[in-house]
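The values are calculated or read from the model by the stated rules, or taken from the named source; none is laboratory data. Only a predicted model underlies this, so the values are computations on that prediction, with no experimental measurement involved. Don't worry about glycine lacking a Cβ; one is built from the backbone with ideal geometry, like all the others, and counts go over all protein chains shown. These accessible areas exclude ligands, DNA and RNA; they are computed on the full protein's heavy atoms, side chains included. Shrake-Rupley method; radii C 1.70, N 1.55, O 1.52, S 1.80 Å.
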Amino acid sequence: MPSKNMLPKGKRRQSVKKEYREQRTIAQEREAAARARAEEVGDEEQSAELIETSDYMDHEPTLEERIATNNFFTTKGASGSKVAEETYDPPRYANPYANLKAEAPEIQVIEDLEPEDGVRSFTAPTTAAGMRIDAYLAKALPEVSRARVQLLIENGQATVDGKAAKSKLKLKGGELIEIEGEPAPEPLHAVAEDIPLKIVYEDDDLAVIDKAAGMMVHAGSGSGEHNRGTLVNALLHHLGKLSEVGGDLRPGIVHRLDKQTSGLIVVAKNDVAHRKLSEMFAGREIHKTYVALVHGWMAEDEGTIRLAISRDAVRRIRMTTKRAGGRSAVSHWKVLERIDGPWGKFTLVEVRIETGRTHQIRVHLQALGHPVVGDFLYGAPHVIKRVGVKSVEQDTVTLDRNFLHAVRLELVHPKTGKQLSLEAELPPELVALLVRVRGKN
């Protein structure tokens with residue numbers, strides 16, 4: 001719909017500059033006269049009122065008059081431009097979120113909640129209305145994580161008004177909430193377990209173990225179900241006391257091997273040896289050598305990989321050499337054997353590492369385009385098929401671990417100064433795989 005200030009049809013190209021100037025001059029003259037009268041009266045309040053030019057106009061101000069007096073306001077349009085008041089239409093519908101409070105409701109922390117017969121009971125306050133029960137409990141019980149709260153709910157240990165609830169249940173306020181058992185899990189600590197262990201070397205200060213593949217060195221901080229069958233638990237049973245520098249969960253552990261990697265690992269039996277061994281690792285005074293079987297033939301006979309390693313941004317359980325800002329890592333490799341058998345080409349390599357980054361050898365070899373056999377996380381195939389034969393069950397090779405073995409460990413004893421050079425033979429499953437890919441079986 002055309003504006004009432006729009007020129008008639010046929011005259012819209014006509015200049016309005018003259019009329020605009022006349023209107024502006026009239027408005028400015030009236031404003032000047034009003035200021036003069038206000039000064040004579042000396043009344044500040046009256047002066048403030050007289051400055052409004054619209055009070056001295058005997059008609060509704062036109063667009064030109066508003067331009068002359070700068071009588072504008074800024075609209076809520078996307079451009080934010082200044083337009084005359086009569087061109088602004090108020091919104092048809094009110095903003096439904098205009099009166100909502102931006103801040104979250106304040107939840108009172110529940111303290112000193114004593115259990116009765118192993119059950120803790122309390123009433124949800126009115127401030128919890130509209131909140132999910134897991135979100136409310138995580139705020140009301142700050143020592144309990146939201147993940148732990150959700151686990152309690154899933155196990156039926158948290159009820160609302162006597163009924164089992166789901167994590168997404170929204171509270172109304174006033175409900176009776178009951179929690180059975182301890183809301184916060186007990187802190188994990190290593191426990192002695194009678195697990196077979198191959199001890200390569202032991203004295204009063206340290207021990208060197210030939211770890212089997214499939215055994216975790218220690219449990220994670222939040223994995224209670226994985227706190228069994230670890231190397232630490234086996235060490236506590238066989239060796240008794242270990243150093244306490246690593247805490248209750250990792251006593252004696254100075255360095256680690258991946259779960260599916262086998263071979264030599266050194267552990268400290270007292271705090272003095274632990275600190276000295278840690279200094280030696282940091283100073284690169286302990287030499288570790290591994291043997292790996294990789295897919296394909298390495299182009300050169302030996303080389304050095306200097307690629308920084310950081311955690312993968314997408315798959316957090318993986319490491320990568322493709323992100324900036326990683327930690328420096330150095331691996332030296334040498335070809336021991338190139339294999340061209342019925343299951344394709346492989347290279348048996350020896351790798352010596354200067355640094356000990358997470359998954360270092362696996363990531364570095366994968367970066368060269370030669371993933372370790374059995375390392376599905378870094379691109380190795382789950383099943384190795386015979387060359388030139390379609391998928392037949394008896395013509396496949398599988399390995400349920402990484403073909404990576406810590407074969408040699410060299411160090412100076414932290415107390416006696418004696419040179420230690422220890423070795424561990426390839427485990428039977430790796431020897432059997434080598435025999436098969438060579439085509440001798």
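The set of residues in the range 234-251 that are assigned to a loop (DSSP other than H, G, I, E, B) and not hydroxyl-bearing (Ser, Thr, Tyr) comprises Gly240, Lys241, Leu242, Glu244, Val245, Gly246, Gly247, Asp248, Leu249, Arg250, Pro251. If the condition is being under 29 Å from the mean Cα position of the chain (by Cα), open to solvent by 10 Å² or more (accessible area, probe 1.4 Å), among the β-branched types (Val, Ile, Thr) and at pLDDT 90 or above, then the range 240-289 contributes only Val254. Counting the residues of the range 153-170 that are open to solvent by 60 Å² or more (accessible area, probe 1.4 Å), assigned to a loop (DSSP other than H, G, I, E, B) and more than 14 Å from Arg120 (Cα to Cα) gives 4.
Can you find a residue in the range 328-344 that is basic (Lys, Arg), over 23 Å from the mean Cα position of the chain (by Cα) and within 22 Å of Gly439 (Cα to Cα)?
yes
Open to solvent by less than 40 Å² (accessible area, probe 1.4 Å) and either assigned to a loop (DSSP other than H, G, I, E, B) or not polar (S, T, N, Q) (or both): is that true of Val200 in this structure? Answer is no for this residue. Condition check: basic (Lys, Arg), over 30 Å from Lys440 (Cα atoms) and touching a residue at least 12 places away in the same chain (Cβ under 8 Å). Does Arg318 satisfy that? Yes: the conditions hold for Arg318. Go through the range 320-330 and give me each residue that's surrounded by fewer than 20 Cβ atoms within 10 Å (Cβ to Cβ) and within 26 Å of Lys259 (Cβ to Cβ). Once the filter is applied, which keeps residues that are surrounded by fewer than 20 Cβ atoms within 10 Å (Cβ to Cβ) and within 26 Å of Lys259 (Cβ to Cβ), the range 320-330 yields Thr321, Lys322, Arg323, Gly326, Arg327, Ser328, Val330. The one condition from (1) at pLDDT 95 or above; (2) outside any loop (DSSP other than H, G, I, E, B) that Gln394 does not meet is (1).
Within the range 331-352, being at pLDDT below 95 and open to solvent by less than 30 Å² (accessible area, probe 1.4 Å) holds for Gly341, Trp343, Gly344.
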